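Encoded as C-alpha coordinates, the structure appears first; notes follow it.
The values are calculated or read from the model by the stated rules, or taken from the named source; none is laboratory data. Keep in mind it's a predicted model, so treat the numbers as computed, not measured. Every residue, glycine as well, gets a Cβ built from its backbone with ideal geometry; the counts of neighbours run over all protein chains shown. Protein only, heavy atoms only, side chains kept; ligands, DNA and RNA dropped before computing areas. Shrake-Rupley method; radii C 1.70, N 1.55, O 1.52, S 1.80 Å.
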Amino acid sequence: MLMNNKLFSGIMPAMITPIHEDGSFIRSAAAEALEWEMQFPVQGFYINGATGEGPILPEKTRREMAETAVEKVKGRGVIINHIGAPDANEALRLAKHAAEIGCDAVSSVLPNFFFKYTTPQILDYYRRINDACGLPLVVYANGLMNTDPVDFMREAMQVPGVIGVKFTIYDYFAMHRICELNGGNINVLNGPDEMLICGLVMGADGGIGTTYNIAPDWFCELYRAFRAGEWEKAQQMQYKIDRMVEVLREFGSIPAVKEIFRFRGIDVGHAAYPGRVYTAEESAELRSALQNCGIVL
(Lines give C-alpha, C1' and ligand atoms only; values in the text may rest on other atoms or scores of the structure.)
Protein backbone atom coordinates (compact mmCIF):
# COMPACT_ATOMS: atom_id res chain seq x y z
CA MET A 1 0.00 0.00 0.00
CA LEU A 2 1.30 3.48 -0.91
CA MET A 3 2.21 5.51 2.18
CA ASN A 4 0.32 8.77 2.63
CA ASN A 5 2.98 11.49 2.72
CA LYS A 6 0.55 14.25 3.72
CA LEU A 7 1.25 13.95 7.43
CA PHE A 8 1.21 17.63 8.40
CA SER A 9 -1.31 20.39 7.79
CA GLY A 10 -2.67 23.51 9.43
CA ILE A 11 -0.76 26.18 11.32
CA MET A 12 2.63 25.42 12.88
CA PRO A 13 4.65 28.23 14.47
CA ALA A 14 8.37 28.15 13.74
CA MET A 15 9.32 28.36 17.40
CA ILE A 16 11.98 30.63 18.86
CA THR A 17 14.60 29.11 21.17
CA PRO A 18 14.92 30.81 24.59
CA ILE A 19 18.61 31.30 25.37
CA HIS A 20 20.97 33.06 27.75
CA GLU A 21 23.71 35.31 26.32
CA ASP A 22 26.12 32.36 26.10
CA GLY A 23 23.65 30.33 24.02
CA SER A 24 22.63 28.04 26.86
CA PHE A 25 18.99 26.99 27.02
CA ILE A 26 16.22 28.52 29.17
CA ARG A 27 14.00 25.48 29.65
CA SER A 28 11.31 27.11 31.78
CA ALA A 29 10.80 29.92 29.26
CA ALA A 30 10.52 27.42 26.39
CA ALA A 31 7.84 25.48 28.24
CA GLU A 32 5.91 28.70 28.98
CA ALA A 33 6.17 29.95 25.40
CA LEU A 34 4.95 26.62 23.98
CA GLU A 35 2.06 26.59 26.42
CA TRP A 36 1.09 30.14 25.42
CA GLU A 37 0.99 29.13 21.74
CA MET A 38 -1.09 26.02 22.44
CA GLN A 39 -4.04 28.02 23.75
CA PHE A 40 -4.78 28.50 20.03
CA PRO A 41 -5.63 25.72 17.54
CA VAL A 42 -2.11 25.29 16.17
CA GLN A 43 -1.25 21.82 14.88
CA GLY A 44 2.25 21.74 16.30
CA PHE A 45 5.66 23.38 16.01
CA TYR A 46 8.71 23.58 13.77
CA ILE A 47 11.71 23.89 16.08
CA ASN A 48 15.43 24.65 15.74
CA GLY A 49 15.02 26.17 12.29
CA ALA A 50 15.99 29.68 11.18
CA THR A 51 13.51 31.27 13.61
CA GLY A 52 14.84 29.01 16.36
CA GLU A 53 18.40 30.04 15.40
CA GLY A 54 19.26 26.33 15.39
CA PRO A 55 22.22 26.35 12.97
CA ILE A 56 24.14 28.85 15.14
CA LEU A 57 23.31 27.43 18.57
CA PRO A 58 25.26 24.80 20.53
CA GLU A 59 24.25 21.22 19.84
CA LYS A 60 23.40 20.78 23.53
CA THR A 61 20.94 23.69 23.38
CA ARG A 62 19.25 22.23 20.30
CA ARG A 63 18.87 18.86 21.98
CA GLU A 64 17.38 20.46 25.10
CA MET A 65 14.92 22.50 23.01
CA ALA A 66 13.78 19.34 21.22
CA GLU A 67 13.40 17.43 24.49
CA THR A 68 11.36 20.24 26.05
CA ALA A 69 9.13 20.58 23.00
CA VAL A 70 8.37 16.86 22.86
CA GLU A 71 7.74 16.73 26.61
CA LYS A 72 5.38 19.71 26.45
CA VAL A 73 3.58 19.09 23.17
CA LYS A 74 3.38 15.28 22.78
CA GLY A 75 -0.23 14.20 22.51
CA ARG A 76 -1.34 17.78 21.86
CA GLY A 77 0.46 18.52 18.61
CA VAL A 78 3.33 17.53 16.37
CA ILE A 79 7.02 18.43 16.52
CA ILE A 80 9.08 18.80 13.34
CA ASN A 81 12.69 19.18 14.44
CA HIS A 82 15.06 20.99 12.07
CA ILE A 83 18.41 19.24 12.44
CA GLY A 84 20.38 20.97 9.67
CA ALA A 85 23.79 22.29 10.76
CA PRO A 86 27.01 23.58 9.18
CA ASP A 87 28.59 20.30 10.31
CA ALA A 88 26.72 17.47 8.57
CA ASN A 89 27.86 15.01 11.24
CA GLU A 90 26.17 17.16 13.88
CA ALA A 91 23.00 17.06 11.79
CA LEU A 92 23.13 13.26 11.75
CA ARG A 93 23.60 13.13 15.52
CA LEU A 94 20.64 15.47 16.00
CA ALA A 95 18.52 13.32 13.67
CA LYS A 96 19.28 10.23 15.73
CA HIS A 97 18.46 12.15 18.93
CA ALA A 98 15.15 13.35 17.42
CA ALA A 99 14.07 9.75 16.88
CA GLU A 100 15.17 8.70 20.35
CA ILE A 101 13.07 11.36 22.11
CA GLY A 102 9.93 10.97 19.99
CA CYS A 103 9.87 13.85 17.48
CA ASP A 104 7.28 13.35 14.75
CA ALA A 105 9.59 14.32 11.88
CA VAL A 106 12.90 15.95 11.06
CA SER A 107 13.70 18.65 8.56
CA SER A 108 16.88 20.07 7.10
CA VAL A 109 18.12 22.75 4.76
CA LEU A 110 20.51 21.58 2.11
CA PRO A 111 24.06 21.01 3.40
CA ASN A 112 26.24 24.07 4.01
CA PHE A 113 25.42 26.64 1.36
CA PHE A 114 29.00 27.95 1.26
CA PHE A 115 29.87 24.90 -0.82
CA LYS A 116 28.21 24.05 -4.12
CA TYR A 117 27.39 20.40 -3.49
CA THR A 118 25.99 18.43 -6.40
CA THR A 119 22.46 17.05 -6.38
CA PRO A 120 23.70 13.46 -5.88
CA GLN A 121 25.75 14.61 -2.87
CA ILE A 122 22.76 16.41 -1.37
CA LEU A 123 20.46 13.44 -1.91
CA ASP A 124 23.01 11.20 -0.23
CA TYR A 125 22.93 13.58 2.75
CA TYR A 126 19.16 13.11 3.03
CA ARG A 127 19.58 9.32 2.72
CA ARG A 128 21.99 9.40 5.63
CA ILE A 129 19.51 11.39 7.70
CA ASN A 130 16.91 8.72 7.01
CA ASP A 131 19.39 6.02 7.98
CA ALA A 132 20.16 7.86 11.22
CA CYS A 133 16.58 8.32 12.40
CA GLY A 134 13.96 6.64 10.20
CA LEU A 135 11.59 9.57 10.78
CA PRO A 136 9.57 11.36 8.09
CA LEU A 137 11.83 13.98 6.50
CA VAL A 138 10.76 17.43 5.32
CA VAL A 139 13.21 19.14 2.97
CA TYR A 140 13.70 22.84 3.77
CA ALA A 141 13.75 24.71 0.45
CA ASN A 142 14.75 28.37 0.55
CA GLY A 143 16.31 31.03 -1.63
CA LEU A 144 19.80 29.70 -0.91
CA MET A 145 19.18 26.55 -2.94
CA ASN A 146 21.64 26.35 -5.83
CA THR A 147 19.29 24.26 -7.92
CA ASP A 148 15.81 24.30 -9.43
CA PRO A 149 13.44 23.42 -6.55
CA VAL A 150 11.02 21.47 -8.75
CA ASP A 151 13.69 19.31 -10.35
CA PHE A 152 15.33 18.79 -6.97
CA MET A 153 12.13 17.76 -5.20
CA ARG A 154 11.28 15.37 -8.05
CA GLU A 155 14.50 13.50 -7.21
CA ALA A 156 14.25 14.02 -3.45
CA MET A 157 10.88 12.27 -3.33
CA GLN A 158 12.68 9.09 -4.40
CA VAL A 159 14.80 9.18 -1.21
CA PRO A 160 13.44 6.91 1.55
CA GLY A 161 11.75 8.92 4.28
CA VAL A 162 11.32 12.18 2.34
CA ILE A 163 7.64 13.16 2.50
CA GLY A 164 7.70 16.76 1.26
CA VAL A 165 9.03 20.26 1.62
CA LYS A 166 8.88 23.41 3.68
CA PHE A 167 8.73 25.85 0.78
CA THR A 168 10.20 29.22 1.77
CA ILE A 169 10.50 30.58 -1.75
CA TYR A 170 8.33 33.22 -3.44
CA ASP A 171 7.84 31.31 -6.71
CA TYR A 172 4.30 29.98 -6.34
CA PHE A 173 4.26 28.58 -9.85
CA ALA A 174 7.12 26.33 -8.72
CA MET A 175 5.21 25.45 -5.55
CA HIS A 176 2.21 24.25 -7.52
CA ARG A 177 4.43 22.17 -9.78
CA ILE A 178 5.92 20.58 -6.66
CA CYS A 179 2.42 19.91 -5.28
CA GLU A 180 1.76 17.82 -8.39
CA LEU A 181 4.86 15.64 -7.97
CA ASN A 182 4.56 12.01 -6.92
CA GLY A 183 0.97 11.94 -8.11
CA GLY A 184 0.14 14.70 -5.62
CA ASN A 185 1.24 12.52 -2.71
CA ILE A 186 3.65 15.10 -1.29
CA ASN A 187 3.43 17.22 1.87
CA VAL A 188 3.97 20.89 1.00
CA LEU A 189 4.11 23.52 3.74
CA ASN A 190 4.14 27.23 2.99
CA GLY A 191 7.04 29.29 4.35
CA PRO A 192 6.56 33.03 3.66
CA ASP A 193 4.21 34.32 6.38
CA GLU A 194 3.11 37.30 4.30
CA MET A 195 1.90 34.99 1.51
CA LEU A 196 0.24 32.11 3.35
CA ILE A 197 -2.97 32.57 1.37
CA CYS A 198 -0.97 32.32 -1.87
CA GLY A 199 0.52 29.03 -0.74
CA LEU A 200 -2.87 27.64 0.20
CA VAL A 201 -4.33 28.66 -3.16
CA MET A 202 -1.47 26.92 -4.95
CA GLY A 203 -1.88 23.69 -3.01
CA ALA A 204 0.04 23.91 0.27
CA ASP A 205 -1.29 21.71 3.08
CA GLY A 206 -0.49 24.27 5.77
CA GLY A 207 2.07 26.78 6.87
CA ILE A 208 5.11 27.26 9.07
CA GLY A 209 6.28 30.73 10.02
CA THR A 210 8.07 33.13 12.34
CA THR A 211 5.26 35.59 12.97
CA TYR A 212 2.91 32.73 13.84
CA ASN A 213 4.54 33.15 17.28
CA ILE A 214 3.03 36.61 17.61
CA ALA A 215 -0.49 36.12 16.32
CA PRO A 216 -1.24 32.39 16.05
CA ASP A 217 -4.94 33.19 16.30
CA TRP A 218 -4.78 35.32 13.14
CA PHE A 219 -3.07 32.58 11.14
CA CYS A 220 -5.44 29.93 12.46
CA GLU A 221 -8.39 32.09 11.44
CA LEU A 222 -6.96 32.64 7.96
CA TYR A 223 -6.46 28.88 7.55
CA ARG A 224 -9.96 28.11 8.86
CA ALA A 225 -11.58 30.70 6.59
CA PHE A 226 -9.70 29.44 3.53
CA ARG A 227 -10.67 25.81 4.16
CA ALA A 228 -14.29 26.88 4.71
CA GLY A 229 -14.38 28.71 1.39
CA GLU A 230 -14.66 32.12 3.05
CA TRP A 231 -12.31 33.69 0.52
CA GLU A 232 -12.86 37.35 1.40
CA LYS A 233 -12.37 36.65 5.11
CA ALA A 234 -9.13 34.79 4.38
CA GLN A 235 -7.94 37.65 2.19
CA GLN A 236 -8.67 40.26 4.85
CA MET A 237 -6.82 38.19 7.47
CA GLN A 238 -3.78 38.03 5.18
CA TYR A 239 -3.85 41.81 4.74
CA LYS A 240 -4.07 42.21 8.52
CA ILE A 241 -1.13 39.85 9.00
CA ASP A 242 0.91 41.70 6.40
CA ARG A 243 0.64 44.96 8.29
CA MET A 244 2.22 43.17 11.25
CA VAL A 245 4.89 41.63 9.02
CA GLU A 246 5.85 45.12 7.81
CA VAL A 247 6.57 46.09 11.42
CA LEU A 248 8.68 42.98 11.95
CA ARG A 249 10.71 43.72 8.85
CA GLU A 250 11.56 47.14 10.25
CA PHE A 251 12.58 45.88 13.69
CA GLY A 252 14.07 42.48 12.78
CA SER A 253 11.92 39.36 13.04
CA ILE A 254 13.71 37.16 15.58
CA PRO A 255 14.70 39.93 18.02
CA ALA A 256 11.16 41.30 17.79
CA VAL A 257 9.49 37.94 18.46
CA LYS A 258 11.65 37.47 21.54
CA GLU A 259 10.86 40.99 22.74
CA ILE A 260 7.14 40.30 22.29
CA PHE A 261 7.34 37.22 24.51
CA ARG A 262 8.88 39.47 27.18
CA PHE A 263 5.97 41.89 26.73
CA ARG A 264 3.77 38.90 27.57
CA GLY A 265 5.73 38.07 30.70
CA ILE A 266 7.90 35.26 29.31
CA ASP A 267 11.61 36.14 29.32
CA VAL A 268 13.09 34.13 26.44
CA GLY A 269 16.33 36.11 26.27
CA HIS A 270 17.60 37.95 23.22
CA ALA A 271 18.57 36.87 19.72
CA ALA A 272 21.85 34.97 19.57
CA TYR A 273 24.91 37.18 19.28
CA PRO A 274 25.44 39.33 17.24
CA GLY A 275 21.67 39.69 16.90
CA ARG A 276 19.97 42.96 17.70
CA VAL A 277 19.23 44.01 21.28
CA TYR A 278 16.74 46.87 21.57
CA THR A 279 17.18 50.01 23.59
CA ALA A 280 14.31 50.94 25.92
CA GLU A 281 13.16 53.48 23.33
CA GLU A 282 13.22 50.94 20.48
CA SER A 283 11.31 48.43 22.59
CA ALA A 284 8.61 51.03 23.29
CA GLU A 285 8.42 51.86 19.58
CA LEU A 286 8.00 48.18 18.73
CA ARG A 287 5.21 47.77 21.27
CA SER A 288 3.38 50.84 19.95
CA ALA A 289 3.73 49.79 16.30
CA LEU A 290 2.36 46.33 17.02
CA GLN A 291 -0.54 47.64 19.06
CA ASN A 292 -1.40 49.94 16.15
CA CYS A 293 -1.65 46.77 14.02
CA GLY A 294 -4.10 45.23 16.47
CA ILE A 295 -1.72 42.96 18.42
CA VAL A 296 -2.82 42.67 22.05
CA LEU A 297 0.16 42.95 24.43
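Worth pointing out:
- Three-way shape label, region 205-256, alpha-carbon gyration tensor, a/c 1.5: prolate
- Entry comment: accessible area of region 75-124 is 46 Å² per residue, from protein heavy atoms only and a probe of 1.4 Å.
- Using a Gaussian network model of the chain in which every pair of alpha carbons under 10 angstrom is joined by a spring, one finds that among Tyr172, Tyr140, Tyr278 the greatest mean-square fluctuation is at Tyr278.
- The ellipsoid that matches the Cα gyration tensor of region 93-200 has semi-axes, each √(5λ) in whole angstrom, of 22, 16, 13, with the longest given first.
- When the alpha carbon gyration tensor of region 14-88 is reduced to an equivalent ellipsoid, the three semi-axes, largest first, read 20, 13, 10 Å.
- In this simple spin-label model, placing a label point 7 Å from the Cα along the Cα-to-Cβ direction at both Arg276 and Leu7 gives a separation of 3.6 nm.
- Here region 119-212 is assigned +1 on the Cβ of each Lys and Arg and -1 on the Cβ of each Asp and Glu. Its dipole about the Cα centre then comes out at about 180 debye.
- Figure note: Arg177, Arg76 ranked by solvent-accessible area, largest first, 1.4 Å probe, ligands and nucleic acids not counted: Arg76, Arg177.
- Cα gyration tensor shape for region 163-232, rounded if a/c is under 1.5, else prolate or oblate: prolate
- Put the Cα centre of region 125-204 next to the Cα centre of region 1-48 and the gap is 20 Å.
- Of all accessible heavy-atom area on the chain, the percent that carbon and sulfur account for (1.4 Å): 53
- Coarse-grained scattering of region 79-124 at q = 0.19, 0.26, 0.28 Å⁻¹, given as base-10 log I(q)/I(0) from a Debye sum over alpha-carbon atoms: -0.59, -0.93, -1.01
- At the residue level, Thr118 shows approximately 70 square angstrom of accessible surface with a 1.4 angstrom probe and all protein chains present.
- Rounded D (µm²/s) - the chain, Kirkwood Rh over Cα pairs, Stokes-Einstein at 10 °C, 1.306 mPa s: 83
- Taking the chain as the region of interest, the number of lysine pairs whose Cα atoms are within less than 27 Å, with members eight or more places apart or on different chains, is 23.
- Couplings 3J(HN,Hα) for region 17-33, derived from phi with the Karplus relation 6.51 cos²θ - 1.76 cosθ + 1.60 (θ = phi - 60°), are 10, x, 9, 7, 4, 8, x, 6, 7, 10, 4, 4, 5, 4, 4, 5, 5 Hz, where x marks Gly and Pro.
- DSSP bridge analysis restricted to the chain gives an antiparallel fraction near 5%, rounded to the nearest 5.
- Cα gyration tensor shape for region 155-273, rounded if a/c is under 1.5, else prolate or oblate: oblate
- Top of Asn48, Asn182, Asn190 by mean-square fluctuation, Gaussian network on the chain, Cα under 10 Å: Asn182
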